[in-house]
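What follows is a set of notes on a single structure, which appears directly below.
The values are calculated or read from the model by the stated rules, or taken from the named source; none is laboratory data. This is a predicted model, so every value here is computed, not measured. FYI the Cβ positions are ideal-geometry reconstructions off the backbone, even for glycines, and counts take in every protein chain you see. SASA here: full protein model, heavy atoms, side chains in, ligands and nucleic acids out. Shrake-Rupley method; radii C 1.70, N 1.55, O 1.52, S 1.80 Å.
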Amino acid sequence: MKKILSSLFIFITVFGFAQTKLQSPAEFLGYELGDRFTYHYRMVEYFKHIAAAAPTQVLVQQYGETYEHRPLIYAILSSADNLKNVETIRLDNLKRAGVLAGTPSTKVAIVWLSYNVHGNEANSMEASMKTIYELVNPQNTKTKEWLKNTVVIIDPCMNPDGRDRYANFINQVGNNPPNADPQAREHHEGWPSGRANHYMFDLNRDWAWTTQAESQARIKIYNQWMPQVHVDFHEQGYNSPYYFAPAAEPFHEVISAWQREFQTTIGKNNAKYFDEQGWLYFTKEKFDLFYPSYGDTYPIYNGAIGMTYEQGGSGMIVTTDEGDSLSLKDRLTHHYTTGMSTIEISSMNASKLNDEFEKYFKENATNLSAPYKTYVIKADNNPDKIKRITDWMTLQGIQFGHSSAGKPARGFDFATQSINNFNLTTDDIVFNIDQPKGRFITTVFEPQNKLSDSLTYDITAWNLFYSYGLKAFALSEKIGVSKKYQPKTLTAESLPEKPYAYIFKYQSLTDAELLAALLKKGLKVRSAKKHFTLNKQTFDPGTLIITRRNNEKTSDFDKVIQAIAKNLNRKIYPSLTGFVDKGFDFGSDDVSFLKKPKVALLAGDQTSSLNVGEVWHFFEQQIHFPVTMIDTRQVKGIDWSKYTVLVVPEGRYKLFDESQLTVLDRWVATGGKIILIGSSTSSFADKKGFGLKEFADEEAKKKSEKNDKEQKEKEGPVKYAEAERKELSNSISGAIYKVTLDKSHPLAFGLDDFYYSLRTGELHYSYLEHGWNVGALKGKQKPISGFAGSQINGKLENTLVFGVEDKGKGQVVYLVDNPLFRCFWENGKMLFANAIFMVGQ
């Protein structure tokens with residue numbers, strides 16, 4: 001924060017206190033807000049203008065940068081007296097939260113307003129400019145009064161890349177004057193829409209997981225402030241009236257009574273202004289507070305009054321089904337109104353907000369009713385996985401370390417989903433809920449999330465121990481953290497001058513990244529199909545072997561390998577021989593030569609932009625390996641011989657007609673590999689030339705149809721009011737299932753006997769009759785975490801989750817569950833890497 005204060009000094013020194021005349025948005029931009037969509041860079045310029053014109057009240061700071069190199073900024077606003085003292089106010093708030101020691105000396109409310117997390121929900125950035133202007137407008141006596149006891153933080157555009165994508169679209173294709181017909185082109189974006197960021201991620205699902213650059217930068221600065229009130233501004237379908245808090249059920253059980261109460265207080269204040277204007281609105285519906293990675297729930301689980309505000313809208317102006325005209329100016333005015341109303345009611349309750357905020361965090365330490373008080377990550381987990389999750393915990397401000405002494409312990413075992421005894425060691429990682437992030441910890445790590453209502457807006461399970469496949473325990477007793485976390489470091493060892501081969505274990509995503517780096521350098525890499533022992537060291541299937549033989553053309557062979565290993569912190573196991581102690585020697589057919597894959601990824605119309613983005617991000621940001629995106633409109637003219645792997649992401653496909661399937665079938669037979677993800681499998685199921693079947697045979701199909709019919713007859717006619725809930729019995733709301741893996745197959749290299757799959761859909765297929773059923777749901781099924789309907793669970797018995805079908809010289813890989821979902825399912829990345837590099841080699 002010293003940087004913030006020095007920036008404030010620079011603004012004051014350079015601009016003085018009266019050199020820049022304050023301009024309204026219209027004066028600065030040259031048009032009225034609502035007349036057009038403003039480009040992001042112009043908004044940034046306006047915010048800087050505000051800071052220059054009101055340097056004693058406003059500080060604008062860049063906190064990050066997007067993938068397309070647009071700045072991420074936020075503004076801090078308050079009275080001149082408060083801004084002089086802003087660092088003390090910030091630190092006092094962290095003292096109330098227990099993040100820092102000491103007694104607060106100030107009592108100032110902190111309200112954070114976040115705009116435009118979805119780029120095409122674009123009125124909110126416009127509203128942010130109206131809001132910041134009125135907060136410093138010297139003629140506005142109300143805001144002057146509010147800022148005497150309130151600091152307002154404005155993040156005017158959380159998703160600049162998506163925002164400009166949408167602004168470019170609407171400014172290029174929109175009619176002049178704008179067309180209000182909802183069927184007009186300007187109301188229908190092409191692929192991808194402006195909703196998501198550069199890598200087509202939904203940033204409003206990434207608050208907790210922080211997989212994206214924008215989220216990582218935002219969470220870092222958010223946790224330096226920990227506001228007491230947070231609003232996330234959105235837009236919804238144009239026929240919907242305005243939505244504001246209080247939220248709908250389910251509420252997570254860790255949400256405090258005060259957080260529920262003050263949501264209602266804010267909602268009533270918003271309603272007062274909407275009632276005065278006769279504007280329609282609704283509350284307590286649709287938008288719940290459960291999934292922890294939203295812009296309302298993440299703040300909620302971190303002590304704030306977290307809220308979503310939703311405005312209906314489309315384009316510059318649209319005619320609703322009721323015949324009303326809804327303009328951009330109307331929409332930004334509504335967001336401006338609720339934003340100002342929220343600041344007002346927060347200012348009126350500043351003292352109470354501070355007291356209840358402090359009480360929230362004291363309860364974390366003294367009276368948080370949660371069945372599990374301590375979580376333990378065993379020290380013998382894969383060190384790469386430990387590093388990834390501890391890096392994540394550090395970013396989130398979770399306090400963790402080691403116990404001072406080992407002892408016998410008992411707790412919920414995430415590996416067996418039962419209570420077991422285990423030995424706690426001083427190397428194990430320990431963290432408990434007696435800390436500022438206590439409720440957030442409970443939300444993310446508790447074994448089973450408790451749903452008060454199964455009708456929810458998003459997934460209902462997300463436990464990171466299952467995501468990472470970690471050996472971990474949840475304990476009902478509190479175990480203190482008495483030693484600072486000591487990560488295990490890789491000991492540098494001397495290497496023989498010219499070993500016969502370099503060996504690397506293959507157990508984590510970083511090992512897959514190593515393989516990608518080696519292949520990019522043109523090195524010839526082999527992989528062991530089975531266990532072997534050498535120099536008293538056991539190596540698992542998948543182990544990477546780089547022999548000097550066949551790599552003679554690589555200049556500085558040893559230096560290249562050692563440099564890559566050092567860069568990725570990989571342990572090298574040198575060998576002076578290809579003769580192993582046990583298993584297959586390096587020249588055996590059971591040690592595969594890994595050809596460098598040439599990967600194509602379908603993208604464009606009919607594909608899921610979210611899943612395309614997940615795959616794209618995986619290649620570019622995680623394993624740093626080239627991928628060629630093929631537009632779906634070009635598929636029929638593609639020369640597939642240029643590629644060895646085709647990734648078909650989730651989507652709703654029409655392009656896979658009989659002729660196209662025949663082309664791909666022949667390509668696979670000559671050595672190609674198709675990787676089908678999630679819903680894309682349905683385009684190949686029950687099709688000629690492909691072995692994926694919804695039912696094993698006609699008898700199984702008839703049995704399923706009979707069961708469905710009997711269930712309907714038993715239940716009788718569905719009442720209109722119960723229809724939505726009836727559908728839940730056949731649905732899965734993002735639940736975790738325990739999948740049995742065939743570890744001997746290359747698709748499962750580096751994984752354990754079980755894989756915890758986050759299932760987000762109801763697709764289910766029979767076992768492959770002529771193929772490898774690598775991942776399967778065996779026997780009766782129910783999720784180990786999350787909600788799934790009783791009828792769909794019955795249909796999942798003995799079904800395929802991950803499979804490989806050999807066809808001629810090639811393969812088809814079926815990934816029925818998306819292993820890259822939202823990029824936070826860590827073990828899924830290993831499985832996908834295997835599909836790319838290991839299968840078929």
(request) Give me the accessible area of Tyr238, 1.4 Å probe, in Å² rounded to the nearest 10. (result) 60
(request) Tally up the carbon and sulfur contribution to the accessible surface of region 196-319 as a whole percent, 1.4 Å probe, everything protein left in place. (result) 51
(request) Calculate the length of the line joining the C-alpha centroid of region 583-646 to that of region 43-75, in whole Å. (result) 40
(message) Among Ala80, Gly174, Ser452, whose Cα projects farthest towards the positive end of the dipole of the chain, with charges put on the beta-carbon of Lys, Arg (+1) and Asp, Glu (-1)?
(response) Ala80
(request) Identify the GluC sites (Glu not before Pro) of region 719-809 meeting these criteria: DSSP loop state and at most 13 other C-beta atoms within 10 Å of the C-beta. (result) Glu769, Glu797
(request) Name the shape class, rounded, prolate or oblate, that the alpha-carbon gyration tensor gives for region 288-350, where a ≥ b ≥ c are the square roots of its eigenvalues, rounded holds for a/c under 1.5, and otherwise prolate holds if a/b is larger than b/c and oblate otherwise. (result) oblate
(message) Assuming 0.36 nm per residue, please report the length gained on full extension of the stretch Asp391 to Asp540 beyond their Cα-Cα distance.
(response) 51.0 nm
(request) Helix by helix through the chain, keep the DSSP H runs that span 18 Å or more along the axis on Cα and average at least 1.6 on Kyte-Doolittle, and give those back in order. (result) 2-15
(message) Taking the full set of protein chains and a 1.4 angstrom probe, give the accessible area of Lys498 in square angstrom, rounded to the nearest 10.
(response) 140
(message) From the protein chains alone at 1.4 Å, what is the descending order of accessible area for Tyr500, Tyr573, largest first?
(response) Tyr500, Tyr573
(request) Starting from the residue with the highest accessible area, list Arg331, Arg165, Arg260 in decreasing order, probe 1.4 Å. (result) Arg260, Arg165, Arg331
(message) Relative contact order for region 422-552: what percent, with Cα pairs under 8 Å and sequence separation of 6 or more?
(response) 19
(request) Any chance you could list the semi-axes, whole Å, largest first, of the equivalent ellipsoid that the Cα gyration tensor gives for region 35-147, using √(5λ)? (result) 27, 19, 13
(message) Among Ser404, Ala51, His40, which residue has its Cα furthest toward the positive end of the charge dipole of the chain, with +1 on Lys/Arg Cβ and -1 on Asp/Glu Cβ?
(response) Ser404
(request) Can you tell me the FRET efficiency between Thr141 and Tyr31 if r is taken as the Cβ-Cβ distance and R0 is 30 Å, rounded to the nearest 0.05? (result) 0.60
(message) Give me the percent of accessible area attributable to carbon and sulfur for region 589-630, probe 1.4 angstrom.
(response) 48
(request) Provide the FRET efficiency to the nearest 0.05 for the Ile638-Ile419 pair, computing r from the beta carbons and using R0 = 56 Å. (result) 0.55
(request) Report the extension gain between Asn798 and Leu22 in nm, rounded to one decimal, defined as 0.36 nm multiplied by the number of residues separating them, less their alpha carbon distance. (result) 272.5 nm
(message) Give me the one-decimal nm value for the distance between modelled label points at Asp657 and Glu477, 7 Å along each residue's Cα-to-Cβ direction.
(response) 7.0
(message) How large a share of the accessible area of region 391-518, in percent, is made up of carbon and sulfur atoms when the probe is 1.4 Å and the other protein chains stay in place?
(response) 49
(message) If I model a spin label at Ser588 and Leu100 as a point 7 Å from the Cα along the Cα→Cβ vector, what separation in nanometres do I get?
(response) 6.2
(request) Roll a 1.4 Å probe over the protein heavy atoms and report the accessible area of Ile110 in Å², nearest 10. (result) 0
(request) State to the nearest 20 debye the size of the charge dipole of region 229-309 about its Cα centre, where the only charges are +1 on K and R beta carbons and -1 on D and E beta carbons. (result) 120
(request) Please list Glu68, Glu826 in order of solvent-accessible area, largest first, computed with a 1.4 Å probe with all protein chains present. (result) Glu68, Glu826
(request) Calculate, in whole percent, how much of the Cα-Cα pair population of region 133-179 lies beyond 14 Å. (result) 67
(request) Quote the relative contact order of the chain in percent (integer), defining contacts as alpha-carbon pairs under 8 Å separated by 6+ residues. (result) 10
(message) Can you give the FRET efficiency to the nearest 0.05 for Asn567 and Lys809, using r as the Cβ-Cβ distance and R₀ = 35 Å?
(response) 0.50
(message) Kirkwood hydrodynamic radius, computed over distinct alpha-carbon pairs, for the chain: how many Å, to one decimal?
(response) 29.1
(request) Write down the accessible area per residue of the chain in Å², having rolled a 1.4 Å probe over the full set of protein chains. (result) 41
(request) Would you work out if region 310-395 is rounded, prolate or oblate? Take a ≥ b ≥ c from the square roots of the eigenvalues of the alpha-carbon gyration tensor; rounded if a/c is under 1.5, else prolate when a/b is larger than b/c, oblate otherwise. (result) oblate
(request) Any chance you could run the full-extension gain for Ser369 through Gln791? It's 0.36 nm times the residue separation minus the Cα-Cα distance, nm to one decimal. (result) 148.6 nm
(request) Might you report the magnitude of the Cβ-based charge dipole of region 638-684 about its Cα centre, with Lys and Arg at +1 and Asp and Glu at -1, to the nearest 20 debye? (result) 100
(request) Would you work out the charge dipole size for the chain about its Cα centre, treating the Cβ of every Lys and Arg as +1 and the Cβ of every Asp and Glu as -1, and quote it to the nearest 20 debye? (result) 2640
(request) Could I have the simple spin-label model distance between Glu253 and Glu285, label points 7 Å from Cα toward Cβ, reported in nm to one decimal? (result) 3.0
(message) Name the residue from Val663, His252, Val376 whose Cα lies farthest towards the positive end of the charge dipole of the chain, charges +1 on Cβ of Lys and Arg and -1 on Cβ of Asp and Glu.
(response) Val376
(request) Once you have all Cα-Cα distances for region 794-841, histogram them in 10 Å bins from zero and send the whole-percent values. (result) 24, 46, 27, 4
